[in-house]
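First the structure, in the form of structure tokens, and then the observations on it.
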Amino acid sequence: MAPLQITGQVLDVRRAGMYTVLSLTAPGLAERTRAGHFLNIGIGGEESGLLLRRSFAIYQVQSRGVYGGSVDIVVGVHGKGTQWLVDRRRHDNLSIVGPLGRPFTLPKEPANCILVGGGYGTAPLFMLADQLRERGCRVDVIAGAATEEKLFGTLEIKRAASTLTVTTDDGSLGVQGRVTDVLEDIITKTQADVVYACGPMGMLAAVAEIATARGVYSQCSVEESMACGVGVCMTCVLPVIGDDGITRMVRSCVEGPVFRGDRVRWSDVGTVPPDTLGAPTGGH
Amino acid sequence: MSRALITSGPIDPTVNLPAVDMSTSLGYFETPAPVFTASGCAAAGKELDQFFDITQLGGIVTKSVMMNARSGRATPRMAETPSGMLNSIGLQGPGIDSFIENDLAWLRQRGARTVVSIAGGSVEEYGKLAAKLRTVDGISAIEVNISCPNVEDRGQVFACDPNSSAQVIQAVRRNSDTKIPIIAKLSPDVTSIVSIAQAVERAGADAVAVINTTLGMVINLETMRPALGGITGGLSGPAIRPMAVRCVWQIHQALPQLPILGMGGIRNGEDALQFILAGASAVSVGTVTFHDPSAPIRVQQELEIALAQRGFATLREAIGFAHRGPDVAVIEEEQE
């Protein structure tokens, strides 16, 4: 279904640890959204000097209610654009385009699923956990971050999971270490069929490597900086191996953001591998 | 006379505005509407067609295509700048054969007017691209992106030298159907854009597209290295609009018969009107599409309003209107 371009009104702005959760009216968006979709938001109004839209994983949607549909996103402040966004107040209008991208693929049969979230990369996993459980899947969640305050929604996601394992680099909450330090064990214990992951690229690379080595199917939602989010600017590319075995620079906004973990050339992200289709032969 | 008179001064937004004849032409390419997408900002139209009816635009200018598939450059490919952005995509594309088979076939089936943008690393490559396009239907015009490094001339950009620019246009003209207009896309990174425009006109260009991005650079203060994988990149967006309007003005002044497709930071209908008044026959909306995927059609609607508000009955009579002599006064109030 085609994405919508709509004006949404801010319903609520609330702090969640280091992050800010924005609830926006978004008529029509909820019905179209599946776990893993994202949306983008115009920054600074019509005459803004910041031209590029900011992209966010869709955290929650509501299709009914007094507002005729709403959507929640989780914002971490990284610069002027995201700062402007968290400074919005109730009743402010925002330009929203979404849902965008390819969502997570759900198993056809009940399966054992591990969901791995790094930092606020847990945001799209809430909807995913619900959808998986509705299909009779077992859901185990691993949430990791550098420190406790950089985790998002761990209490809430526990409700949708058979088990929740928290890791922090500094040991401020849960197991001291990284999500990958506990992943192997949980794959074994739960006899996992699928690993879903969302978070920083380094974490995704490590998660995909472990899953692939264990023969477990993995799906990773990548974080590439985007300009348009709709497939026209060719900014957000990364090297991905196609069904034909050929590597191409593909757009994470329309061919992703969810990719098979065994198809992304993680160690080559940020480069054009020499065997990529159309890679430069000499100077470029 | 029954037609409305050109007016200046404050605009009354409550007045019911008459429809404006928005038809225009670029050489012998006649189009009912004056707003185009800009090459590299609309892929091949399909993605934007989700947001508005692309057949309502003057036309789709496709991303510059080369002979062979091309991966483009490493990331980061983009950096946001004040009222603009830098890009170093590196002409990622499928190659001309795949483009014709997939993208062009879709555009033709969709019924969109299509301007195919081509890019080459040598004069010969441009000629070959034109010859390929000669075999297919459904092309309204060819845009020649000459802002590419010439691999046969130490990587010197074609668009920065009048002779190289002319050679490319001659090669495309020789290999193209004579009924297909050729639009040369010029770089602003030259001492005299008029001399380049003169060179391509003499070489057989039917129109010029003005302007391409201008070369820029950003240093990332965290890594203390260039922000872009390609080190330098093309600057676009409203930040370069005054430069673009100046280029259109200079070319129209020197070569009033040469049609201009104006572009550079157009964000709304009034921005577009500046280009028309400076001498552009049509305009392209580029970078602002990344900010608002409906921008091309919105700008076209706003441009019609902006023309009507000033009493223009046709777009054509506004082309180059800012060049009129002091003896042509605008009428302050409508008269009987």
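The values are calculated or read from the model by the stated rules, or taken from the named source; none is laboratory data. Just so we're clear, the structure is a prediction, and the values are computed from it rather than from any experiment. Don't worry about glycine lacking a Cβ; one is built from the backbone with ideal geometry, like all the others, and counts go over all protein chains shown.
Annotations for the structure displayed:
- Residues located in segment B:40-59, provided they are away from chain A (no Cβ under 11 Å) and either buried (at least 24 other Cβ atoms within 10 Å of the Cβ) or not hydroxyl-bearing (S, T, Y) (or both): B:D53, B:I54, B:Q56, B:L57, B:G58, B:G59
- Residue in segment A:30-38 that is assigned to a strand (DSSP E or B) and under 20 Å from B:M78 (Cβ atoms) present: yes
- Hits in segment B:281-292 - residues which are under 15 Å from the mean Cα position of the chain (by Cα) and within 14 Å of chain A (Cβ to nearest Cβ): B:S284, B:V285, B:G286, B:T287, B:V288, B:T289
- Test: residue in segment B:73-96 that is among the charged types (D, E, K, R) and within 22 Å of A:P273 (Cα to Cα): yes
- B:R77 being within 15 Å of A:V232 (Cα to Cα), basic (K, R) and buried (at least 22 other Cβ atoms within 10 Å of the Cβ): yes
Per-residue answers, yes or no, for (1) of a type in the set (D, E, K, R); (2) on the phi > 0 side of the Ramachandran plot; (3) in contact (Cβ under 8 Å) with a residue 12 or more places away in the chain:
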residue	(1), (2), (3)
A:I43	no, no, yes
A:Y59	no, no, yes
A:V74	no, no, yes
A:Q83	no, no, no
A:D87	yes, no, no
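- Residue among B:G90, B:G95, B:G127, B:G111 that is at pLDDT below 95 and surrounded by fewer than 23 Cβ atoms within 10 Å (Cβ to Cβ): B:G90
- Only one entry in B:A295, B:A278 is among the small types (G, A, S), away from chain A (no Cβ under 14 Å) and at negative phi, namely B:A278.
- Selected residue (criterion: farthest from B:G72 (Cα to Cα)) from residues of segment A:241-256 that are in contact with a Ser or Thr (Cβ under 7 Å, 6 or more places away or on another chain) and of a type in the set (A, V, I, L, M): A:I241
- Hey, A:L132 in the same structural domain as A:Y196 (by TED's automatic domain parsing) and either part of a strand (DSSP E or B) or buried (at least 24 other Cβ atoms within 10 Å of the Cβ) (or both) or not: yes
- Test: residue in segment B:72-79 that is touching a residue at least 40 places away in the same chain (Cβ under 8 Å) and more than 11 Å from every other protein chain (Cβ to nearest Cβ): no
- Every residue from segment A:173-192 that is in contact (Cβ under 8 Å) with a residue 60 or more places away in the chain and surrounded by 18 or more Cβ atoms within 10 Å (Cβ to Cβ): A:V179, A:L183, A:I186, A:I187, A:A192
- Residue satisfying all of: in segment B:220-264; under 28 Å from B:S25 (Cβ atoms) and of a type in the set (K, R); surrounded by the fewest Cβ atoms within 10 Å (Cβ to Cβ) among these: B:R246
- Look at (1) facing another protein chain (nearest Cβ under 8 Å); (2) in contact with a helix residue (DSSP H, G or I) (Cβ under 7 Å, 6 or more places away or on another chain) and you find that B:N87 fails only one, number (2).
Condition check ((1) in contact with a Leu (Cβ under 6 Å, 6 or more places away or on another chain); (2) away from chain B (no Cβ under 14 Å); (3) buried (at least 19 other Cβ atoms within 10 Å of the Cβ); (4) within 22 Å of B:F52 (Cβ to Cβ)) across all residues:
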position	(1), (2), (3), (4)
A:Q5	no, no, no, yes
A:G8	yes, yes, yes, yes
A:G17	no, yes, no, no
A:V21	no, yes, yes, no
A:P27	no, yes, no, yes
A:R32	no, no, no, yes
A:H37	no, yes, yes, yes
A:G44	yes, no, no, no
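- Residue that is touching a Phe, Trp or Tyr at 6+ places or on another chain (Cβ under 8 Å) and closer than 19 Å to B:A159 by Cα, where the choices are B:G120, B:G127: B:G120
- Taking (1) buried (at least 17 other Cβ atoms within 10 Å of the Cβ); (2) part of a loop (DSSP other than H, G, I, E, B) in turn, A:D170 satisfies each apart from (1).
- Residues of segment B:197-230 satisfying the condition of being over 20 Å from B:F36 (Cβ atoms) and among the small types (G, A, S): B:A199, B:A203, B:G204, B:G216, B:A227, B:G229, B:G230
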